Structures are given as structure tokens and as C-alpha cells.
Amino acid sequence: MSAPLDASRRGFLKAAAGVSGGLVLGLTLPSAARRSWAAAPMAPDAINAFVKVDRSGTVTLVMHKSEMGQGVYTGLVQLLAEELEADLEHVRVETAPVAAVYNHPQFPLQFTGGSMSISSSWTGLRQAGAAARTMLVQAAARRWNVPVEECRAERSVVHGPGGRHAGFGELADDAAALPAPDPKSLRLKAPQEFTLIGKPIKRVEVREKVDGSGRFGLDVRLPGMLRAVLARPPTLGCSLKSMKQPAALAVRGVVGVIELDAGVAVVAQNTHAARKGRDALAVEWQAPAGAPFDTEALRAQYRSLAEQESQVVARNDGDVRTALADSAARRLEALYELPYLAHAPMEPLNCVADWRADRLDVYTGTQMQSPDRAAAAEVAGLPPEKVFIHTMLLGGGFGRRANPGADFVREAVELSRKLGKPVQVVWTREDDLHGGWYRPQWTNRLRAALGADGKPAGWYHTVVGQSIMTGTLMQGMVQKGIDPVSVEGAADLPYAVPNLRVDLHTTTAPVKVLWWRSVGHSNTAFAVESFIDECAAAAGTDPLDYRRSLLTDKHPRHRAVLEMLAQKSGWGTPLPAGRARGLALHESFGSVVGEVAEVSMENGLPRVHRVVAVIDCGIAVNPQMIAAQLESAVNYGLSAALYGEITFANGRAQQSNFDGYPVLRIHEAPVVEAHVVPSAADPSGVGEPGLPPIAPAVANAIFALTRQRVRRLPMIRAGRFSVA
Amino acid sequence: MQKLDINGKVHQVDVDPDTPLLWVLRDVLDMTGTKFGCGAALCGACTVHLDGVATRSCTLPVTAAVGRRITTIEGVGATRAGRAVQAAWIAEDVPQCGYCQSGQIMAATALLAKNPKPSDADIDGAMSGNLCRCGIYSRIRAAVHRAAEHGGESA
């Protein structure tokens, strides 16, 4: 499978007859490094298929992306069906196996993340649809012996002169015998011709999500499958010292206790017995040498580092030192601190592994199929082509199910191999919250010098925190000591500042870190958009006007978002007494989002009533999904901003379940009004960009209301606020 | 042996008396629509009906369910309120990842069965124990109101 599929390097589409008849269309990339898609020949065994049209007329999109709520099944079906002219009623989705053909065009990885599924499939899937349609129309023209120009496809039927018509299913075998067209010969629709793209198509998998039939990883059931719960190291860096099994084995339903790399697995007939057995297991752990890890100590270290200039410089325009030393300037300085965060998807982590001597099947909700397969193969002692990853629905991902280290897959495979039986490893909520792979703890120091016009003449941002990419298979992205995600949203400050420096202290800590919805932007947007608000206040300028005055013609999208936001939010208009607005604007994942939050205080705690969110994400493939993602990002971000933190004392995470790690509830959720800036540009990210602005928007509203700055998250850390 | 009345059908199971109903449903009967989220009655993903009342099955010993009428997401569509709620959920395109939905729908259905025209405050009261990480709360609210308006008719 790793052999190059494209001999010509030019790339072309190739069709083949499906195993059981019909048309199967392959599509692949000649070069992982190439930005745009090209198509290449496929193997005739359909393993590389993207599109299948069977004799019944059912169109199958082989789905190479994971559905975790972001609506990717629906969006990608729209891209394909738009050009294929398929009736959505006859389009189904089938999850893809692992194969290089399903890799991301820019990375040699099969994964879902970075808000890139639509943008990375935008050209390729439309080309695939257009190619399949072209072949079906050609097949019809030949059958009827009429010019192809007189035939057209509409809603899964090809129509010809004289009222002739044939369904896609009737034409599929004939179409499969035709040569696939060169993608360059295909004319894709212009935006004004779209009939599906841009429409609020409902979620294609909605029914199975309201009747309980949808299959998440935790719902996998195999004959003879056992369940397991692990006793995991309770503190960072500790190792197994001793364990006594008898009490665990005495629990009814427990069938075994097995030591694994990740901990001690208690294996049972059902999950309850496994959990009870784990509780009965007498395990002693050996603490590591040295002082136990503590996040308050880490915070002190970060604060101290933030005072120091770093030689790892991500951006250096002009001469920031001189600008900041200008004694005539109004000088500002602030420290912004953010905690470790757990992703806490509603579905706790889990994985089913079914190891046999000659093959391994893994069933799980994952965002990272190809690293999972590589890890599973290694643990299983099998070649990768004997390992089959079955992607289930994900009960939330948010980055936690995108672990290049494949932690939750490795342990299940190891256990199944040792048992010789299929087994489902279930993480309890406590395991999930204690399990590491958190959003990093971060500290930012911001300094600015405002000129006579009130605008920043100098801006100096120092970021302190762990690197996510270092030591992973994305290590190559770390250049000159800079993990790009540590400074994203800071080094690309959109505001015009002549003297600008962004530097980075990359720290090490025993806590494993991972991408968490919007990654580095979740930190930098809070720091930058809070501090620009502080600058505006110091300059005595309205925060929206201030931002507008700092956005030049180089940032037309920011300006357009800001204008629409001003209008839709009613910026500057009166609010009910005790309510104030706060604003934030941030670009991430190729999209620009502005948000205005309306906040009041209830018993001294912030209450967010309304959030107006405006996004420029290029062509809006599905406005309904975009609105849903903005609502989602606001609420997910608000949970973190108000309540979210994982802290450590004596090496142990202090939060264990939703009582200690609160999540926004229905009565706390704001009304979110989502607006999309009209655009004819290619689509950009949607799942994550709505998150970064919410914390600073709320913090800025709190300032407007109380004259108190919130510089540390979560906000409940600040205690009770009093309205000014 | 325990005798359970689930969705109008009697099931015989043989589990430890302290086994939570959730794991009987999921692991013994393979009725996986009811979800595990926290194991401590903190998130509502495991919500079922016990004699029509929304109940957290993850902390409910199976013995406490014996002799009661148990309804799960697999059976709720057979009730008028359940059908209305599911239809409203689809009409409002409520789910995102979908994992908490069984619990949300069970909670909403129990609410509507008791209170056919709930106010926003009633919805808050009945639904605030059901967490959603995708943050679909405003759509849940809209769908509950829609279900209330349309009753058992197709929403």
C-alpha cells in the first residue's frame, strides 16, 4: 500500500468495476507535499475507493474523516453530491480503512483535525463527483447513441433527448468500463451554480443519533468480547511496586488481572465487574524521586521565565526594546495565565482490540487512524497491512482522540494480545480526567508602549509553556526551537505595530500535552485580545474603534468581520442595567471570527447572556453546521474560561469527575447568534475558530462592567466580582 | 436472577445485585443506546425512565429497577412524547457528536410527559443535569418547545 500509486506524477482519475458491480472511483495524491489534490489510479480491489455507485443507484462516499460532531459527514457529502448531481436520499457514508490514499494532502497522515476537513477535500471531492458524473453521462449517451452534450444528470438520473432517462444505478456498470477523465478537463461549478453547497443541509447521521442506534466506540460488541478497566498510575511518574490479585479475582465476573505498560488491567465479563475488580485490587505504586509535581510551583517558574527575554524569537519587527524604553510613551504590562485543561469528551476513552495470530481488528473512535495503525501493528507484532482500524462515531474528540502516541489504542492491543481474545478497554471518567494529554498550562507576558496617538508603538509578547509537537511525529514542524502552535495567534498579530517582538520559552514538565480545540490559539487569543483591550482603555478609545484603527488594508477580512460584528451586536447601543459588552477578534485555521459577549454579574459571578459571533470562513458550505460549530465553540470555550482547570498537588491531578471539572449547563449557556460573512473564497476552518475569542470577549465585558481585569483563567479563580 | 420490564418486554438477567442498571442494559442485554458518561450521576448520559421518571441508571442498582417499568432510548419512540421529542430533535438538527443525546431525549421526554407546555425555567430545571460538551443547549431548548407545540404529531 505504500508503493506509489501514481506512475505519471501528473495524476489522473481511474475508474474500475466494483467487486460486486457498479462504478468505483479512486482518487489519490501524487505527492503528500503538494498542496492541491490530484488524482491517481486506484487499485481495482476498491481499497482506495472514494466514490462508489452501485447497481441500485446508491452512491457511497468512502469517508476518510472522523465524525465527532463537527458535521464532516454532511459537509463532505455535499461536496461530492454537488458535482455528481446525486440525490442526497441515495448517498450513504462508509468509513474508510487506513490507506495512504486517505492521507491529508499536506501531511503523510490519515487524521481529522486542525479544522481542515472541508478545505483539504474541497477540490478533490468535487473533482471526484464531477468525474463520476461525466462517466455516467457518457455511458448514457453511448447507450442512447446521442451526443453527450444533449445529456445531463440531475438528482441521480441522467436525462437525454426525447425524454430518455436512466438512473445512476442502471448506468453504473457501463460507466465503469469507460476511461476516467483527466481532472484538468473537468469544469467545476462556479459558486453561483451551487445547489447543495451553501445550503443548510441537515446532518446526514441525525437519525441514528436520536434513536440510540448510532454506534460509538463504547458500543462495539463482538462475540466473546471481554471488558477491562485499568488501575493506572495515580501520580505522575510513579511505577508499579506490587499488587495483590486475590480480592480482585474474587469479584464475580472477573476473569483475570494482567499487567500492562499502562497499568494493571482487570478483565471481566462486564464493565461493572471490571471496575469493581479494579477497586478491589491492592496495588502499591512507587513514587518517582524528587519533589512531586505541583502546578502552583510550575506557575511560579513560568512567571519567573516570563520576565526573561528569550533568544527563541518568533517575530521581530523594528526595535521593540527602544520603543518600550521610550519614557514619553504610556507603558503597559500584564501577565496572562492559563491552566492545563482536559478535553473531557462525553464519551470516555475506550478501544476494542481483537488480536489473532494473523490479523488485528481495532474498533475505536479516533481522529488519527494512521498513527493508531502503526502503533497497533507494533504492539501486535503484525505488519501494518494485517491491522484493520474500524472508525466508530466519536462521542466528542476536541483533539483528545488525536494522539500520535496512540495511548488508548496501544493498551487495548497489548491486552488483547496477552489474552488472545477480543477485549474492550473502558476508561472511567476519573481515568479520562487523570489521564494526561492536556492542553498545556501557559503564561504570557505582554508589554506595550503607546505613542501620542494612543496606538501601540511597541508590543512585546513572551509565551511560556510546553511544546505539543516536540517528540511526536510532527517534530519536523518544530523549526529553530519554535513549535508553531506555541506562538500561533501571537506571532501573526494582525494589528499594525511598528516595533513587535514575540519570543518563546519552551518548558518541560512531566505532564503530557496535546492539542485541545483551537490549540495554541486558546492561549494566545486570550492574552492578545485582552491586552489590546487594555491598550484601548489606556488610550481612552472605544475597544472596537481601537481595533479598527489598527487594522490596515492587509487585513480586509478582519475589518469586514469587525464591521459586521459592530452592526449585528448593536455595539455602542444601550443595554439593560447591569449588563456590559466585551469584544474579541481572532484569526485561526484560516478563518477570522469576532465575538461580542453580553455579561452581567449574578451573585458576583459572570453570567453570559448573549454572544454574537461573526465568521469569515470563505464559502459557507453548510451555514447550519457553521452556526452549530460557532455555538459549540462558544460553549466549549466558555466552560474552560469560567471553570476549567486541571491542577496538580503532590503529583496528583486534583479533578476527578464533572463535580471537580464543571462543564457549562443548559441554564448557563448563552444565546449564540451566528453570522457568516459572504465570501467566494475557498472554504477555511470552522470547528475551532469560534473558540479563541470567547474567553477574552467575556473578560473584556467583565472589565467594562467591573473595571477589574481578568488575567488568569479560569475566571472563578478571581472570586466574586463587584459591579463598578 | 432478576426480572426486568424494559420497553414493555420482560428480560431475565443474572447479575450481582449491586450491578448498576446501566451495565445490565449495555453489557448483559447489549442495549447500547443508554450511555456511560461519568458513573456518578453527574452528567445524565445514562438517563432512562423508571415508571416514567427520568433516572440515572449508572448509580441505580439493578435490584431497584425490579418490578418497575423501565424505558430506554430504544423504546421511547413508542410513546407519544418520545416520538414528538425525537421528531423535534431532527427538525432542529440538535445533535452534534450525539453521545449525550439519549440522556437528553429521555430527560426531555419525561419532562413533557409530566408538563406538556414547559417554560424555559421548567426546561432548565429538568435538563440542567444533562451535560453536553458540544454545547447544543439552545437547540435542545428550541426542540423541547417544538415538541411541546407539536405534541405527538410529526414536528
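Quick note: the coordinates plus some simple rules give every number you see, no bench work behind them. Note that the structure is a prediction, hence the values are computed from the model and not measured. Don't worry about glycine lacking a Cβ; one is built from the backbone with ideal geometry, like all the others, and counts go over all protein chains shown.
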Hz values of 3J(HN,Hα) by residue in the stretch A:117-131 - Karplus curve (6.51, -1.76, 1.60), Gly and Pro given as x: 5, 6, 5, 7, 10, 3, 7, x, 6, 5, 5, 4, x, 5, 5
Out-of-range pairs (alpha-carbon distance over 31 Å; input A:209/B:114; A:568/B:35; A:65/A:512): A:568/B:35
Label point distance in nm, residue B:120-residue B:142, each placed 7 Å from Cα along Cα→Cβ: 1.5
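Using a cut-off of 14 Å between beta-carbons, work out the net charge of the residues near residue A:383 (Lys and Arg +1, Asp and Glu -1, residue A:383 not included). Kindly include the intermediate steps, with their values, before the conclusion.
On the way: positive: A:356, A:359, A:373, A:386; negative: A:358, A:378, A:385.
Charge balance near residue A:383 sits at +1.
Note down the net charge around residue A:721, summing +1 for each Lys or Arg and -1 for each Asp or Glu among other residues with Cβ under 12 Å from its Cβ.
Working: positive: A:607, A:707, A:709, A:717, A:720; negative: A:602.
Its environment carries a net charge of +4.
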Placed amide H near residue A:256: partners under 5 Å, 5+ positions off or other chain: A:267
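How much length is gained on full extension from residue A:321 to residue A:477, taking 0.36 nm per residue of separation minus their Cα-Cα distance? Spell out each step's value before the answer.
Values: separation 156, 0.36 × 156 = 56.16 nm, distance 2.91 nm.
Length gained, residue A:321 through residue A:477: 53.2 nm.
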Separation of the residue A:142 and residue A:545 label points, Cα + 7 Å toward Cβ, nm: 7.0
Under 9 Å, Cβ to Cβ, from residue A:61 - net charge with Lys/Arg +1 and Asp/Glu -1: +1
Dimensionless Rg ratio for the stretch B:2-75, taking C-alpha atoms and the 2.2 N^0.38 Å reference: 0.94
19 Å cut-off, amide nitrogen to a point 7 angstrom out along residue B:14 Cα→Cβ, residues in the stretch A:260-293: A:268-274
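Rounded to the nearest 0.05, what FRET efficiency do residue A:452 and residue A:307 give with R0 = 35 Å and r taken as the Cβ-Cβ distance? Could you check?
Numbers: r = 28 Å, r/R0 = 0.81.
Working from the Cβ atoms, E equals 0.80.
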Approximate spin-label separation residue A:250-residue B:128, in nm, with each point projected 7 Å along Cα-to-Cβ: 4.4
Derived scalar couplings ³J(HN,Hα) [the stretch A:205-212; Karplus, 6.51 cos²θ - 1.76 cosθ + 1.60; whole Hz; x for Gly, Pro]: 9, 5, 4, 5, 8, 10, 10, x
For chain A, calculated [θ]222 nm from helices alone, where every DSSP H run of n ≥ 4 adds -39500 (n - 2.57): -8000 deg cm²/dmol
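Before rounding to the nearest 500, sum -39500 (n - 2.57) across all DSSP H runs of length at least 4 in chain B and divide by the residue total; then give [θ] at 222 nm in deg cm²/dmol.
Working: 5 runs with 52 residues, N = 155.
Theoretical 222 nm ellipticity from helices: -10000 deg cm²/dmol.
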Cut-off under 5 Å, modelled amide H: who pairs with residue A:675 long-range: A:613, A:614, A:615
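Which FRET efficiency, nearest 0.05, do residue A:94 and residue A:149 yield, Cβ-Cβ r, R0 35 Å? Kindly include the intermediate steps, with their values, before the conclusion.
On the way: r = 34 Å, r/R0 = 0.96.
Result of the calculation: an efficiency of 0.55.
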Placed amide H near residue A:315: partners under 5 Å, 5+ positions off or other chain: A:502
Under the Karplus curve 6.51 cos²θ - 1.76 cosθ + 1.60, θ = phi - 60°, whole-Hz ³J(HN,Hα) for the stretch A:286-301, x wherever Gly or Pro sits: 9, 6, x, 5, x, 5, x, 5, 8, 6, 5, 5, 5, 4, 4, 4
